[in-house]
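**Q** Quick one: this structure, given as structure tokens, is what I'll be asking you about.
Read the figures in this text as sums done on the coordinates, not as results from a lab. Predicted model, so just to flag it, every value in this text is computed and none were measured. All Cβ positions, glycine included, derive from the backbone under ideal geometry; neighbour counts span all protein chains shown.
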Amino acid sequence: GGGITGAGVMLEAARRGQRVLLLEQTDFAWGTSSRSSKMVHGGLRYIAQGDIALTRHSLLERERLLNELPGLVERATYLFPLRKGVFPGRWPMKAVLWLYDFLAGIRDHRYLNKAQLLKRVPGLQDQDLTGAMCYTDALTDDCRLVMRTLLEGARHGGVAQNYARVVQAEQSGKGEQGFSVTVEDRVSGELSTLKAAAVVSATGAW
Ligand SMILES: Cc1cc2nc3c(=O)[nH]c(=O)nc-3n(C[C@H](O)[C@H](O)[C@H](O)COP(=O)(O)OP(=O)(O)OC[C@H]3O[C@@H](n4cnc5c(N)ncnc54)[C@H](O)[C@@H]3O)c2cc1C
């Protein structure tokens, strides 16, 4: 599969000197990897679920992507509106964002009062609005991220083929090691069989 998972597997395997062939049934990044919300987030909601280890892991990956891919992964500002009587209020949200930034090794959140918020977002419904917490996460162009990862994988010797659908992958017969993989060329309709030592299914929802 030629989404971000397959592209990442191809890059990492090629980097380790493996011979890798990635097969994609349609075009690269055709699946969810071009239809996401484009967020490279640290997972604020994982904190709400109490999973600090996962939040820290995601935040460090976010910071790594920001450093390694400037122009492709960019920091973006988010506003969390606060309303009278609605949980979480200013102070619980501030504590969560302090922890969120602390785990990432940055300090990038602040409080905006109602006037400051409405100046930034003039159309916001202002009933019971008290202000907002302002913090940052990151955004990317998910499709470009896949293409970039594939290109880097190819630079390390990996091969990516689109319009090639895996029809079947089964363990080779007795006495043989690895897998026998049947591939359909979606342009000509031809079927061919390949041998592989290992198969990684990165076919997303399929
Ligand atoms: C609405 C939405 C919003 C999201 N927002 C975010 C977000 O903001 N941030 C974030 O990090 N994540 C987000 N995600 C999650 C993210 O998009 C997915 O985790 C990611 O795209 C999964 O990538 P993948 O490579 O596993 O799957 P996919 O991108 O779906 O790739 C699978 C590929 O496998 C191919 N394939 C399937 N069967 C075969 C076969 N037999 N032979 C060859 N190829 C095959 C498909 O054609 C497809 O291209 C969002 C997801 C959705 C749906």
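**Q** List the trypsin sites (Lys or Arg not before Pro) within the range 108-206 that DSSP assigns to loop and that have no more than 13 neighbouring Cβ atoms inside 10 Å.
**A** Passing both the DSSP loop test and the Cβ count: Lys174.
**Q** Picking from Asp137, Asp108, Asp128, which is most flexible by a Gaussian network model of the chain using Cα springs under 10 Å?
**A** It is Asp128.
**Q** Pulled fully out, how much extra length does the chain show between Val200 and Lys94, if you take 0.36 nm times their separation in residues and subtract their Cα-Cα distance?
**A** Taking Val200 through Lys94 to full extension adds about 33.9 nm, to one decimal.
**Q** Sticking with this one: Any chance you could give the angle, 0 to 90 degrees and rounded to 10, that helix 4-15 forms with the longest Cα principal axis of the chain?
**A** Tilt relative to the chain: about 60 degrees.
**Q** Same structure again: Could you list Leu59, Leu118 in order of exposure, starting from the residue whose Cβ has the fewest other Cβ atoms within 10 Å?
**A** In increasing order of surrounding Cβ atoms, one gets Leu118, Leu59.
**Q** With angles folded into 0 to 90 degrees, how steeply does helix 142-155 sit against the dominant principal axis of the chain? Use alpha carbons for both and round to 10.
**A** Helix 142-155 sits roughly 40 degrees off the main axis of the chain.
**Q** Can you figure out the FRET efficiency of Asp126 with Arg35, using R₀ = 35 Å and their beta-carbon distance, to the nearest 0.05?
**A** 0.60
**Q** Same structure, new question: Set the Förster radius R0 to 41 Å, insert the Cβ-Cβ distance between Thr77 and Lys174 as r into 1/(1 + (r/R0)^6), and round the FRET efficiency to 0.05.
**A** 0.10
**Q** Continuing with this model, one more query. Quick one: Karplus J couplings for the range 51-66, per residue in order, coefficients 6.51, -1.76, 1.60, θ = phi - 60°, nearest Hz, x for Gly and Pro?
**A** 9, 5, 4, 5, 4, 5, 4, 5, 5, 5, 5, 4, 5, 5, 5, 4
**Q** By counting other Cβ atoms within 10 Å of each Cβ, how are Ser188, Ser58 ranked from fewest to most?
**A** Ser188, Ser58
**Q** Let me have the relative contact order for the chain, percent, based on Cα pairs under 8 Å that are six or more residues apart.
**A** Relative contact order comes out at 31 percent.
**Q** Please state the shape class of the range 39-140: rounded when a/c is under 1.5, otherwise prolate if a/b exceeds b/c and oblate if not, all from the C-alpha gyration tensor.
**A** Since a/c reaches 1.5 but b/c is at least a/b, the shape of the range 39-140 is classed as oblate.
**Q** Angle, helix 90-104 long axis vs. longest principal axis of the chain, Cα atoms, 0 to 90°, nearest 10?
**A** Approximately 40 degrees, to the nearest ten.
**Q** Tell me which lysines have Cα within less than 20 Å of Lys94's Cα, excluding those fewer than 8 residues away on the same chain?
**A** Output for Lys94: Lys84, Lys114.
**Q** Sketch the reach of a paramagnetic label on Leu118 as a point 7 Å from Cα along Cα-to-Cβ, and name the residues of the range 68-90 whose backbone nitrogen lies under 17 Å away.
**A** Counting backbone N atoms under 17 Å from the label point, the list is 81-84.
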